[in-house]
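The values are calculated or read from the model by the stated rules, or taken from the named source; none is laboratory data. Model, not experiment: these values are computed from the prediction. Here Cβ is always computed from backbone atoms with ideal geometry, including for glycine, and neighbour counts include all displayed protein chains.
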Amino acid sequence: MTRYPLEPDADEMRSLVDEAMSRIIPHIESLPSQPASNVEGATEYARTLIEPLPQRGESYETLLDFLFNDAIPRSFTAAGPGYVAYVPGGGLFHSAVADLIADAVNRYVGVCAAAPALVQLEANVVRWFCEIVGYPRTAGGVLTSGGSLAAFTAVVTARKALLPDDFLKGTLYCSNQVHHSFQKAANLAGFPYANVRELPVDDQFRIRIDALEDAIARDRADGWTPFLVAGSAGTTGTGAVDDLEALGRVAQQNKMWFHVDGAYGALFMLTERGRAAMRGIEQADSMILDPHKTLFLPFGTGAVLVKDANTLRRAHSLHADYLPAMQNADELVDFCEVSPELSRDFRGLRVWLPLKLFGIEPFREQLDEKLDLIQYTVDELRKIDGIEIVAEPQLTITAFGVVRASGAPSAAGDPHHSNDLTRELMRRINAKKHVLLTPTTLPDGRFVIRIAIVSHRTHRDRIDLMLDDIRESVRELS
Ligand SMILES: Cc1ncc(COP(=O)(O)O)c(C=O)c1O
């Protein structure tokens, strides 16, 4: 019988997976003891890996050794419990198994006709997300690779719904704290950066509604066409949730599209506290959310939801003679008709499998635990002499800094705050390697340390370790 090297037989398939599993399991089990970050020298190491196209194969074992001993450890331990940097992802193992299944069966889900049942599973996932955020039955959406592509899809949809083909008079509004993927989405959708108005925030880092209304009125008087207001349901810097009810009202009064960046925050709608913080989110014409953040999935899963699914279809639908017939029924969807993609992975399975396996309750519990943990963290930080909370948590992100000793230089916005000491404190905490913290700079120039508690692997024991490290580092500073 002819043997083709690219087609393993049953024993080979089993051993490929078994050998990978024999590395993956100890790797995941050792996550709590891995350093929170291990990137010293990693860039130099990366340069040594540049190589020409391989002409011959190497042994599987050698390649696994390379991955698990050399490449993977030289990174942020983004899947570990100490990752409270940026906005953490998760890495549900069940989703990894779903990816294996999806890739191995490799069915085509770009058009409904090719795998109607599988497309329906993914469409169900989108519908469940709509349900979570309080959208009506008319809503729809699509899973993307992440929040950035979701934002791009939303802005293109809004542009096509409200503006003519010659759209350069259109202006967009957001706070100066919005995630930069929004400005990037606007730019990729054809708007010069100058058409995006970044507005000031209040003392809780939420967009100032008076500034928004003034800017819209001024632009209209100057001959611009204000057409999109973007709110944040959880900013990356300080976790701020804009006043979504007020933003919805302003958008409606001005006949503008209301978009919400809920990449980090929207899935907190599963919790009572989240629903209270994000009142008004359901008014949004479009929103994005990232299951690879607050549903603990592996990186590569975002979602865009729109209140009127037809707007998404009108913006993306295009006929081609070589494709199968598209569905003309409301309850069936061709993903290529509602997104920029045609061929794509079957990313719905990585959401569908864990949700079907567990139901939604354990996810809700995890998010509630994170809301408790951030409150506990802030309460403990407040007890440390020399620490000031700069951003109270609105969801599960907080920001803090170091109060300067009298006589030392202060940051521009706050006479008590020291950027230098805050920077040094963060360096010392991170050097202990139990957690990885990242900073941001506030509009007034203050450098602050953020704590973002999101991962399903971060629990009270790791938060206590972090607090011990912070206390010790503060002592070292003085
Ligand atoms: C609030 C917010 N919006 C949008 C994004 C962009 O999402 P992604 O990285 O999935 O493209 C992020 C990423 O961290 C974010 O925190």
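Would you check if there is a residue in segment 103-113 being within 21 Å of Phe268 (Cα to Cα) and either touching a residue at least 24 places away in the same chain (Cβ under 8 Å) or part of a loop (DSSP other than H, G, I, E, B) (or both)? No, segment 103-113 contains no residue that is within 21 Å of Phe268 (Cα to Cα) and either touching a residue at least 24 places away in the same chain (Cβ under 8 Å) or part of a loop (DSSP other than H, G, I, E, B) (or both).
Within segment 138-173, the set of residues being within 16 Å of the ligand (Cβ to nearest atom) and among the hydroxyl-bearing types (Ser, Thr, Tyr) comprises Thr144, Ser145, Ser148, Thr153.
Would you confirm whether or not segment 178-191 contains a residue that is assigned to a loop (DSSP other than H, G, I, E, B), closer than 30 Å to Asp219 by Cβ, within 13 Å of the ligand (Cβ to nearest atom) and assigned by TED's automatic domain parsing to the domain that holds Gly262? Checked against the condition, which is being assigned to a loop (DSSP other than H, G, I, E, B), closer than 30 Å to Asp219 by Cβ, within 13 Å of the ligand (Cβ to nearest atom) and assigned by TED's automatic domain parsing to the domain that holds Gly262, segment 178-191 yields at least one hit. Tell me whether segment 290-303 contains one or more residues that are away from the ligand (no atom under 14 Å from the Cβ) and in contact with a strand residue (DSSP E or B) (Cβ under 6 Å, 6 or more places away or on another chain). No, that holds for no residue.
When you go through Asp214, Asp219, Asp242 one by one, which is the residue that is under 19 Å from Phe191 (Cα atoms) and either of a type outside the set (Ser, Thr, Tyr) or within 16 Å of the ligand (Cβ to nearest atom) (or both)? Can you show your working first?
Working: Asp214 fails: under 19 Å from Phe191 (Cα atoms); Asp242 fails: under 19 Å from Phe191 (Cα atoms).
It is Asp219.
Can you work out which of the residues in segment 309-336 that are of a type in the set (D, E, K, R) and surrounded by fewer than 21 Cβ atoms within 10 Å (Cβ to Cβ) is farthest from Ser95 (Cα to Cα)? In this case the residue turns out to be Asp321.
Report yes if some residue within segment 120-130 is assigned by TED's automatic domain parsing to the domain that holds Asp330, polar (S, T, N, Q), in contact with a Ser or Thr (Cβ under 7 Å, 6 or more places away or on another chain) and not in a loop (DSSP other than H, G, I, E, B); otherwise report no.
no
Of all residues in segment 404-433, those being surrounded by fewer than 18 Cβ atoms within 10 Å (Cβ to Cβ), modelled with pLDDT of 85 or more and of a type outside the set (D, E, K, R) number 1.
If you go through segment 299-308, how many residues are more than 27 Å from Phe258 (Cβ to Cβ) and surrounded by 19 or more Cβ atoms within 10 Å (Cβ to Cβ)? Residues in segment 299-308 being more than 27 Å from Phe258 (Cβ to Cβ) and surrounded by 19 or more Cβ atoms within 10 Å (Cβ to Cβ): 0 in total. For segment 192-211, the candidate set comprises residues that are in contact with a Cys (Cβ under 8 Å, 6 or more places away or on another chain) and within 19 Å of Ala391 (Cβ to Cβ); within that set, the residue that is farthest from the ligand (Cβ to nearest atom) is Leu199. Against the definition (farther than 22 Å from Thr144 by Cβ and touching a residue at least 40 places away in the same chain (Cβ under 8 Å)), how does Gly237 come out, yes or no? Answer is yes for this residue.
When you check Ala266 against the structure, is it small (Gly, Ala, Ser), surrounded by 17 or more Cβ atoms within 10 Å (Cβ to Cβ), over 24 Å from Asn195 (Cβ atoms) and within 16 Å of the ligand (Cβ to nearest atom), yes or no? It is true that Ala266 is small (Gly, Ala, Ser), surrounded by 17 or more Cβ atoms within 10 Å (Cβ to Cβ), over 24 Å from Asn195 (Cβ atoms) and within 16 Å of the ligand (Cβ to nearest atom).
If the condition is being crowded, with 19+ Cβ neighbours inside 10 Å, over 22 Å from the mean Cα position of the chain (by Cα) and among the small types (Gly, Ala, Ser), then segment 451-478 contributes only Ser473. Being of a type in the set (Gly, Ala, Ser) and surrounded by 11 or more Cβ atoms within 10 Å (Cβ to Cβ) is a property that does not hold for Ser59. Selection within segment 245-260: residues that are away from the ligand (no atom under 14 Å from the Cβ) and of a type in the set (A, V, I, L, M). The member of this set that is surrounded by the fewest Cβ atoms within 10 Å (Cβ to Cβ) is Ala246. Residues in segment 413-449 that are among the aliphatic types (A, V, I, L, M) and assigned to a strand (DSSP E or B) were compared, and the one that is farthest from Gly239 (Cα to Cα) is Leu436.
Within the set Asp379, Asp372, Asp330, the sole residue that is over 28 Å from Arg460 (Cβ atoms) and either away from the ligand (no atom under 16 Å from the Cβ) or assigned by TED's automatic domain parsing to the domain that holds Ser181 (or both) turns out to be Asp330. The single condition from (1) away from the ligand (no atom under 16 Å from the Cβ); (2) of a type in the set (S, T, N, Q); (3) under 23 Å from the mean Cα position of the chain (by Cα) that Ser232 fails is (1). Counting only residues that are among the aliphatic types (A, V, I, L, M) and under 17 Å from Gly239 (Cα atoms), which one in segment 271-290 is surrounded by the most Cβ atoms within 10 Å (Cβ to Cβ)? Filtering segment 271-290 for residues that are among the aliphatic types (A, V, I, L, M) and under 17 Å from Gly239 (Cα atoms), the one surrounded by the most Cβ atoms within 10 Å (Cβ to Cβ) comes out as Met287. Taken over segment 345-402, the criterion of being in contact with a Lys or Arg (Cβ under 7 Å, 6 or more places away or on another chain) and in a helix (DSSP H, G or I) is satisfied by Leu371, Leu373.
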